[in-house]
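Accompanying notes for the structure given below.
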């Protein structure tokens, strides 16, 4: 209750109203998210409804499946306030998309006329190439215009709105009735004493009422259904979260306690949209796409609020860069060459097209000053954030294969009839895809003595060269067809990327 301690209280017994049942502070044991996820009610904040506007087709399809599962079991709720805020902010997302696509249009190449150079073969070839290039640019810009025309034709029939229209019937949206005077009094009392939620939005046009209405909706669900609630929101402000080092740690205990009383002992949790998708079975690729969007959105939102970035944004971005770098090195088989320093690891990418080593060096210096509590002015931090985004984009643009476990524990044989089984070794089939682009490359089988491989997990490109097997065969687990595995192969031992 750090904000409350700092504030001058208008109610000297404010703690009594927040915690009327003092004994429960010690006796109540909230259930974990894992314990409640199969029976709880899932409540969507406005920001969660808007996230799909920045995702791809596969992500939207998986989001749809998860929502349908929850709708069919009558466990998905959208507060009326979230629906109204979605209606207000949805067009902003479409405007951002239109702007980003529009700015991809390219100017024509124009070398210019230089009669003195006409005798040079290189100049003549450049003029010929310029014509072909401009023809391609015109065709490219024409396609961009077609895309923009499609966006302009969207009103309430864009892919996200169509999905919501098909799923969110009247019984999904909960529009509670609340007296205006009661709401105004709660806002007045709670904001004076900095009691969550909403007081951090006091300067918004609605005076923070949006968060309070959503919270009233959550309390109503607890009262009526006596079920735990999972609130899906990217809001990380301290009127929802207890924080440390500008990072959210736990939902504010005042909220947990108020919900416990309203719901007769049930639990309340808050998770980000990416975590929600992970809990309910979305693929790792989809979860990762959403998580990246959350990071970019958080940084962008912070910078919209202030012309200067803060230290928390830089630390968050730095963590994202290091995660991307570690995953990339693991996928490319470079993890054994990695070191404990950011710069030494980033230099490993130079042969593969990373060009911003000096920017990475300056970024690292500013980041280190911030992390170790040394002086760093706001201009330096702002520069480092811009540099970090450039570094992150370059890392994500490097072509590489990723390796996804397709099947594991496959028996291997030393003869083509598959009668002589190989002891103490099995096969693992990997689905190999090329990134960026997610293009399918192949399915390949390798020998392994490891047992950690799980279907769908992305693994590092790691090998034990001390173990080698000669020509081997296996039965395809999909078709039962006998196939050659390899003529000779070392042992594949790739760890899960998340474990690196």
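Above 18 Å lies some portion of the pair distances; for the range 30-138, what is it as a whole percent of all C-alpha pairs? When all Cα pairs of the range 30-138 are counted, 70 percent exceed 18 Å. When the Debye formula is applied to the Cα atoms of the range 236-295, each taken as the same point scatterer, what base-10 log of I(q)/I(0) results at q = 0.22, 0.23, 0.24, 0.30 Å⁻¹? Cα-only, vacuum Debye calculation for the range 236-295: -0.91, -0.93, -0.95, -1.08.
Backbone N atoms of the range 55-92 closer than 13 Å to the 7 Å Cα→Cβ label point of residue 227 belong to residues 69-78.
Across the range 356-415, Cα-Cα pairs farther apart than 20 Å form 50% of the total.
Taking only DSSP H segments of four or more residues, each worth -39500 (n - 2.57), what value at 222 nm results for the chain once the sum is divided by all its residues, to the nearest 500 deg cm²/dmol? Theoretical 222 nm ellipticity from helices: -15000 deg cm²/dmol.
Here residue 107 and residue 499 are evaluated by their C-beta separation; at R0 = 45 Å the FRET efficiency comes out at 0.45.
Mind checking the angle between helix 209-225 and the chain's longest principal axis? C-alpha axes, 0 to 90 degrees, to the nearest 10. Its long axis makes an angle of about 80 degrees. Expressed as an acute angle from 0 to 90° and rounded to the nearest 10, what is the orientation of the C-alpha long axis of helix 357-371 relative to the principal long axis of the chain? Once rounded, one gets 30 degrees.
Could you list 40, 418 in order of exposure, starting from the residue whose Cβ has the fewest other Cβ atoms within 10 Å? Spell out each step's value before the answer.
Values: 40 23, 418 16.
Going from sparsest to densest Cβ surroundings: 418, 40.
Can you put 452, 407, 372 in order of Cβ neighbours within 10 angstrom, beginning with the fewest? Provide the component values of the computation, followed by the final result.
Numbers: 452 15, 407 19, 372 8.
So the ranking, lowest neighbour count to highest, is 372, 452, 407.
Here the mean projected area of the convex hull built on the C-alpha positions of the range 400-499 is 6.4 nm².
Evaluate E = 1/(1 + (r/R0)^6) for residue 35 and residue 58, where r is the Cβ-Cβ distance and R0 equals 22 Å; express this FRET efficiency to the nearest 0.05.
Numbers: r = 30 Å, r/R0 = 1.35.
Plugging the Cβ-Cβ distance into 1/(1 + (r/R0)^6) gives 0.15.
The three principal axes of the C-alpha atoms in the range 306-397 carry coordinate ranges of 39, 24, 20 Å, sorted with the longest axis first.
Helix 284-305: angle to the longest alpha-carbon principal axis of the chain, degrees 0 to 90, nearest 10? On a 0 to 90 degree scale, this one is about 60.
Distance between the pseudo-spin-label points of residue 137 and residue 253 (7 Å out from Cα toward the beta carbon): 6.4 nm.
So if I take the alpha carbon set of the range 80-182, get Rg, then get Rh from the Kirkwood formula, what is the Rg over Rh ratio?
Values: Rg = 25.1 Å, Rh = 18.4 Å.
We get a ratio of 1.36 for the range 80-182.
Any read-out appearing in this document is the output of simple, stated calculations on the displayed coordinates, not a laboratory observation. Note that the structure is predicted; figures quoted are calculated from it, not measured. Ideal geometry is used to build each Cβ from the backbone, glycine not excepted, and the neighbour counts take in all protein chains shown.
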